[in-house]
Amino acid sequence: MNGIHDLGGMDGLGPINPVKEEPCFKDEWERRMFGLFVSCFAGGHYNVDEFRHAIERMGPAHYLETSYYEHWLASLETLLTEKGVVTQDELEARKKFIAMEDA
Amino acid sequence: MPHDHPHAHNKPLSDVELRVKALESVLSDKGLIDPEAIDLIVETYETKIGPRNGARVVAKAWCDPAYKDRLLTDATAAISELGFSGVQGEDMVVVENTETVHNIVVCTLCSCYPWPTLGLPPVWYRAAPYRAKVVKDPRGVLEEFGVTLPEDTEIRVWDSNAELRYLVLPKRPAGTDGLTEEQLSELVTRDAMIGTDVLAAR
C-alpha cells in the first residue's frame, strides 16, 4: 500500500537535526509504549507486518503530526480493538478513571 | 484545595499519557501483560542492547580477516557468533565501506533498524526528513552530519525492510595499527554503522 509513510524522495520536510547523544526514550510513556509493543508482540497478538500496516492506515495528516511512539500507540489500539482483545469502551472508561485519579 | 492522596502535583497527564496508561492497565487486568516484564524489557534496551554491540562486530572484522569474510557472506551467523541475535536482527546484511564505495542505511517506510547490534534507532532515523532526503540527496544528508566525501566516491543507499536489516562496516581509521580489538571498538560510532559518519584518522 502506498501512502504518506512512503516518504522516500519527498522534498520540503525540513532539516534532519541529527543529535549525537540522546536518551533511548524521551518520556516515561514512551518507555511503557515500547514495553507494551514488545509484550503484546511476544503474546502473539500481531506480527510486525500487521503492526506496520496499522500505522500506515493512520490518516495522512495525523501521521505527519504525531511522534514515532504515538504511531505505535495508534497501531496497538487499532489492532487490539480490531482483534477483540480490548474494546474501545474499556479503553475510554479506563482513561477517564485514570484522569480522575490524577486530578 | 488540599488533597489527601500523596502524589506530586505536576502538570496533568496528557492525552497520549492517559491512552498509554489505560492500555497498559486494561491489558494488565486481563492478564495479557505483566507490568514488571515491561520494566525489564525497557531496562534491557536502555542498558544492554545498543551500538556497543555493533562496534564489537566491526572491530573484530577489522582484526580478523576470516571473521570479516564470514561477516560479509553470512552476516546473521557471523554476528550471532558474538552473541548478538534476536528480534529485528533475524536477517542481517553487512555492507563494507571501501576507498571507492560508501554505504548509508535508511528505512524510508518506517524505522527498520538492526536492534541486536545498534539498539533502538535515533529520533532522526525514524523521522520524516532523513527518510525522505537520503534516497534523493545522500551527499546533502551527509553534509547535515558534517561529512564530506570525495566527489568520486560512489554512495550506495540501502533501504531496510521488516525482514532485512543492514549494518555498515566502516573503514578502519588510519593510524590505528597498534590498537587492540577492544580499543578499536571504542572508536566505532553508531552513526558510522548507519553510514552517516566517517571515522577520523587518529
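Where a number appears in this text, it was derived from the coordinates with a stated rule and is not lab data. Everything numeric here is computed off the predicted structure, so don't read it as measured data. Here the Cβ is made from the backbone with ideal geometry for all residues, glycine too, and neighbour counts use every protein chain on show.
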Other residues with Cβ under 14 Å from the Cβ of B:SER80 give, with Lys and Arg +1 and Asp and Glu -1, a net charge of 0
At B:LEU72 and A:LYS26, where each label point lies 7 Å from the Cα along Cα→Cβ, what is the point-to-point distance in nanometres? 4.0
Let me know the mean shielding of A:4-15 by other chains, meaning the per-residue number of their Cβ atoms within 10 Å of its Cβ. 6
Taking the Cα centre as origin and putting +1 on Lys and Arg beta-carbons and -1 on Asp and Glu beta-carbons, what dipole magnitude results for chain B, to the nearest 20 debye? 280
Apply the a/c threshold of 1.5 to the C-alpha gyration tensor of the stretch B:51-194 and tell me whether it is rounded, prolate or oblate. oblate
From the Cα centre of the stretch B:28-63 to that of the stretch B:126-182, the distance in Å is 24
Per residue, the convex hull enclosing the Cα atoms of the stretch B:156-202 spans a volume in Å³ of 86
Under a crude label model (7 Å from the Cα following the beta-carbon direction), how far is A:ASP49 from B:LEU149 in nanometres? 3.2
Who wins for biggest fluctuation among B:ILE41, B:ILE104, B:ILE79 in a Gaussian network model of chain B, springs between alpha carbons below 10 Å? B:ILE41
Just need the relative contact order of chain A here, percent rounded to a whole number, with Cα pairs under 8 Å and 6+ apart. 27
Peptides ranked, highest mean first, by Cβ atoms within 10 Å: ranges A:7-20, A:31-44: A:31-44, A:7-20
For the protein assembly as shown, the Rg and Dmax computed from alpha carbons only, in angstrom: 21.3, 71
Relative contact order as a percentage, chain B, C-alpha pairs under 8 Å and 6+ apart, gives 24
Non-local residues with an amide H under 5 Å from the amide H of B:LYS171, with H modelled 1.01 Å from N and Pro and chain starts lacking one, are B:ASN97, B:LEU199
Which angle between 0 and 90 degrees, to the nearest 10, do you get for helix B:15-29 versus the longest principal axis of chain B when only C-alpha atoms count? 80
Here FRET efficiency (C-beta to C-beta, B:THR98 to B:ASP159, R₀ 22 Å, nearest 0.05) is 0.60
Globularity index of the stretch A:28-102, i.e. its alpha-carbon radius of gyration over 2.2 N^0.38 Å: 1.13
Alpha-carbon radius of gyration plus Dmax, which is the widest Cα pair, for the stretch A:20-67 in Å: 13.0, 35
Within a 10 angstrom radius of each residue's Cβ in B:184-191, how many Cβ atoms of other chains show up on average? Whole number is fine. 1
Let me know the mean shielding of A:52-65 by other chains, meaning the per-residue number of their Cβ atoms within 10 Å of its Cβ. 1
For chain B, the longest principal axis of the Cα atoms and the Cα long axis of helix B:35-47 enclose an angle in degrees, to the nearest 10, of 30
Karplus-derived 3J(HN,Hα) from phi for the stretch B:162-179 (6.51 cos²θ - 1.76 cosθ + 1.60, θ = phi - 60°), whole Hz, x at Gly and Pro, runs 4, 8, 10, 10, 10, 10, 8, 8, x, 5, 5, x, 5, x, 10, 4, x, 7
Ranked B:LYS11, B:LYS60, B:LYS171, B:LYS48, criterion: other C-beta atoms within 10 Å, fewest first: B:LYS11, B:LYS48, B:LYS171, B:LYS60
Quick one: angle between helix B:51-63 and the longest Cα principal axis of chain B, in degrees between 0 and 90, rounded to 10, please. 20
